[in-house]
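Please read the structure below before turning to the comments.
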Amino acid sequence: MQNKENIIKSYELAKEQYGKIGVDTDEILKRLDEIMISVHCWQGDDVQGFENPEGALTGGIQATGNYPGKARSADELRQDLEMVFKLVPGKHKVNLHAIYGEFGGEKTGRDEIKPEHFRNWVEWAKKMNLGLDFNPTLFSHPLAEEATLSHPDKKIRDYWIKHCKASRKIGEYFGKELGIPCVTNIWIPDGYKDIPVDRYMPRKRLKESLDEIMKEKINPEYNLDAVESKVFGLGLESYTVGSHEFYMGYAVENKTLLCLDAGHFHPTEVISDKIPSVLLFLDQILLHVSRPVKWDSDHVVILDDELRAIANQIIRYDFDKRVHIGIDFFDASINRIAAWAIGVRNTRKALMLALLEPVEKLKETELSGDFTSRLALLEEYKMYPAGAVWDYYCSVKNIPAGEAWLEIVKEYERNELSKRS
Ligand SMILES: C[C@H](O)[C@H](O)[C@@H](O)C(=O)CO
Ligand SMILES: [Mn+2]
C-alpha cells in the first residue's frame, strides 16, 4: 500500500507521460468524477426485497451462494450502501426495484405502490447526494408465474399494467424530489421453456400493454422510460417475449430508452458493439453492466476486455450524457459489500482508462489507413501508468487507494455483517 506522498509522486510522473501523448490527466479526472454510475440495490440481499422476505426469487434469474450477512431490512440495506459509497469515488445513483418499498407491514399489492412507500429512500438519497432509478418488479409474485404484460388473461395483464404505471409515477416523484431524472426500466421474464406455436401474439399483447403504460406523458426532466430485452431465462429457454428486436423496435418507435444488459445476449455477442449502432437511432440508452459467464450468470463486473470496450464506446464519442450506466449483478457467494465495491470501482476504472486514451490521435491514425500504428499504439498504451492516476484520484476524493478498501470491508464484516443471522 502506498502512502500519500508516494501516490502524489507517482501521479506527477504519470501526468508527464500522459501529457506527452496529449492527455491532460487533471482534466480527465474532473470529467470522470461527473459520470454517474447507478448502483443496483439488489446486490445487497440477493434480489429478495422487503415485500415478501421469505418468498422465492422467480422469473428465470438466480442468485447463487449463501454468504452470511445479507441485508434484512431497508435500514440495513441503506447502511450497507453507505459503506459502499465510502469505497468508490465519483457520482452515483441507487437503482431500486419496486419490492424494496417500505410498506410498514401492510400487505400492499404491486398495483397499489405509491411514492410514500419510497419516501425514506428519497430522504436518504438527499442526505447522501444521490440520484435514484427505479424498476417495476414483474417477478417473484404469484401473478407472474406464467406471464405478466403478455399474459393471455386481460385481468393479469391489467394488474401488471397498473404496477408499471404506478412505477412511472414513483420515478417522476424521484426526479422531482432529487432534481436528477429517474430512469424507470421495465424488464419482464415472460417466455416459454419449450417451443411455442405462436411467437407473434404474446409480443402483440406486450406491445399493447406497453402502449397503455406509456400513455401518460411524464416530463423527461423527472422520468425517463427504458425497456430491457433478454435472450432467455432459466426455465424459459425456448422463447422470450421481450427479445432484442422487439424492444429495439419499441424504443425507436416510441422514443423510450433501450436497456442493453451485458448478460442478455448470446455468449459471443457483446453490447459494446451495439452502443454505437443503437445511438444512431435513439437519443439515450441505459446499460446494465454485468458479467455473463456462459449464461446470464450476473457475476461481479471485472476489468475485462468487454468492460473496457463498453467504456471506450461511451467515451470515444462523448456519449456520457446519452448513456445511463447502471450495474446489474448479484453474487451471494462472497461478501456482498465487496462485490459492490469491486464492480463499481471496475466500472469507473474502465471509464478512466477510456478517458486516458488519446482518442483524436487514434482516430486520425485509423482514418489515414495506418492500421499497423493503430494496433501498436493501442497495445503500448495498455502499459501506461493508469494505476498511478487511479490511486491519485481515489486519494484526493478520500476514498481508499489500491486494495486498502478490503480491510475496511473485513472490519465491517466483523463488526456488523457477522451479527446478522
Ligand atoms: C433484478 C433486475 O431487474 C434484473 O437483473 C433484470 O434487469 C435482468 O437483468 C434480468 O435478467
Ligand atoms: Mn438487467
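How many residues are buried (at least 16 other Cβ atoms within 10 Å of the Cβ), in a loop (DSSP other than H, G, I, E, B) and within 15 Å of ligand 1 (Cβ to nearest atom) if we restrict to region 280-296?
Number of matching residues: 3.
Checking the structure you have, find out if any residue of region 303-315 is of a type outside the set (Gly, Ala, Ser) and within 13 Å of ligand 2 (Cβ to nearest atom).
The answer is no, given that none of the residues of region 303-315 is of a type outside the set (Gly, Ala, Ser) and within 13 Å of ligand 2 (Cβ to nearest atom).
When the residues of region 219-237 are narrowed to those that are part of a loop (DSSP other than H, G, I, E, B) and surrounded by 18 or more Cβ atoms within 10 Å (Cβ to Cβ), which ends up farthest from ligand 1 (Cβ to nearest atom)?
222
Mind listing whichever residues of region 16-44 are in contact (Cβ under 8 Å) with a residue 40 or more places away in the chain and either more than 27 Å from residue 291 (Cβ to Cβ) or in a loop (DSSP other than H, G, I, E, B) (or both)?
Of everything in region 16-44, those that are in contact (Cβ under 8 Å) with a residue 40 or more places away in the chain and either more than 27 Å from residue 291 (Cβ to Cβ) or in a loop (DSSP other than H, G, I, E, B) (or both) turn out to be 17, 18, 21, 22, 23, 25, 35, 36.
Look through region 262-312, keep the residues that are more than 15 Å from the chain's Cα centre (by Cα) and of a type in the set (Lys, Arg), and return whichever of them is modelled with the lowest pLDDT.
294
Only one of (1) within 30 Å of residue 128 (Cα to Cα); (2) in contact with a Cys (Cβ under 7 Å, 6 or more places away or on another chain) is not met by residue 261, so which one is it?
(2)
Can you find, within region 238-255, the residue that is surrounded by the most Cβ atoms within 10 Å (Cβ to Cβ) among those that are hydrophobic (A, V, I, L, M, F, W, C) and part of a helix (DSSP H, G or I)?
It comes out as 251.
Filtering region 303-317 down to residues that are part of a loop (DSSP other than H, G, I, E, B) and in contact (Cβ under 8 Å) with a residue 24 or more places away in the chain, which residue is nearest to residue 39 (Cα to Cα)?
Among those residues, the one meeting the criterion is 303.
Out of everything in region 355-391 that is among the β-branched types (Val, Ile, Thr) and within 27 Å of the chain's Cα centre (by Cα), what residue ends up being nearest to residue 21 (Cα to Cα)?
So the residue we want is 359.
Go over the candidates 82, 51, 102 one by one and state the one that is out of contact with any His (no Cβ under 8 Å at 6 or more places or on another chain), acidic (Asp, Glu) and either closer than 18 Å to residue 300 by Cα or more than 16 Å from ligand 1 (Cβ to nearest atom) (or both).
Only one candidate passes the filter, namely 82.
Within region 318-356, restricting attention to residues that are assigned to a loop (DSSP other than H, G, I, E, B) and within 16 Å of ligand 2 (Cβ to nearest atom), which residue is nearest to residue 185 (Cα to Cα)?
328
If a residue has to be closer than 20 Å to residue 189 by Cα, among the small types (Gly, Ala, Ser) and more than 16 Å from ligand 1 (Cβ to nearest atom) to count, how many in region 247-279 make the cut?
Count: 1.
Is it the case that residue 374 is in the same structural domain as residue 310 (by TED's automatic domain parsing) and of a type in the set (D, E, K, R)?
No; evaluated as a whole, the condition is false for this residue.
The values are calculated or read from the model by the stated rules, or taken from the named source; none is laboratory data. As the structure is a prediction and not an experimental result, all values here were calculated from the model. With ideal geometry, Cβ positions are generated from the backbone for all residues, glycine too; neighbour counts draw on all protein chains shown.
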